[in-house]
Amino acid sequence: MFEDFYLNIELFHPEAVMPIRSINGDAGLDLCVCEKTVLRPNVLTKAHIGVKIEFPIGYAAIIKEKSGLALKGIEIKAGVIDHEYRGEVIVLAKNKSISPIILETGNKIAQMLIMPVWTGKPLQVGKVNKNTVRKDKGFGSTGE
């Protein structure tokens, strides 16, 4: 699956930290802020990472929460990076706690996963096939 894969990373900010896995085999590459960042309660904040990335078509970079930071109330928003994007990786974070959270330069804020994605064209049909076990049942239809 990843035979044709590469991930080029440009550290363009002097305080940028190379995204790495904390433990060999981890799914995500840790992303760190390249400047002091204050996450105020219930405010969306652009957290600068100071890196640009490049990878081939057929993949996407997904930015997700770190579990320890999620426990503190940090949510990550708008976390899909397409293969053609060459700008700075910016983490959009929201602090859901009641107190500001201060991240010093070099602190982790999120993790980046690289995922294969389907890049084909969808087909419009008159009706989708409902001959499934679930049919059109959703939201709790398989249990809590």
Legend entry - Mean Cβ count within 10 Å, highest first, over the residues of peptides 80-93, 125-138: 80-93, 125-138
Inset, instruction - Roll a 1.4 Å probe over the protein heavy atoms and report the accessible area of Glu104 in Å², nearest 10. - result: 90
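Given the -39500 (n - 2.57) contribution per DSSP H run of 4+ residues, what per-residue ellipticity at 222 nm results for the chain, rounded to the nearest 500 deg cm²/dmol? Each step should come with its number before you reach the end.
Values: 1 runs with 5 residues, N = 144.
When only DSSP H runs of four or more count, the value is -500 deg cm²/dmol.
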Legend entry - Cα lying deepest toward the dipole's positive end in the stretch 1-52, options Leu39, Gly25, Leu11, charges on Cβ: Leu39
Legend entry - For Rg/Rh (Cα atoms, Kirkwood Rh), calculated from these coordinates, the label among (i) 0.94; (ii) 1.51; (iii) 1.06: (iii)
Legend entry - Val117 long-range amide H proximity, modeled H, under 5 Å: Tyr59, Ala60
Inset, instruction - Enumerate the residues in the stretch 24-38 having an amide nitrogen under 15 Å from the point lying 7 Å beyond the Cα of Ser97 toward its Cβ. - result: 37-38
Inset, instruction - With all protein chains present, calculate the accessible area of Thr37 using a 1.4 Å probe and round the result to the nearest 10 Å². - result: 10
Inset, instruction - Can you tell me the FRET efficiency between Leu44 and Asn8 if r is taken as the Cβ-Cβ distance and R0 is 35 Å, rounded to the nearest 0.05? - result: 0.75
Legend entry - Pair Asp82, Glu104: separation of 7 Å Cα→Cβ label points (nm): 4.0
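The values are calculated or read from the model by the stated rules, or taken from the named source; none is laboratory data. Computed from a predicted model, the values in this text were never measured in an experiment. Ideal geometry is used to build each Cβ from the backbone, glycine not excepted, and the neighbour counts take in all protein chains shown. Surface accessibility is based on the protein's heavy atoms, side chains included, excluding ligands, DNA and RNA. Shrake-Rupley method; radii C 1.70, N 1.55, O 1.52, S 1.80 Å.
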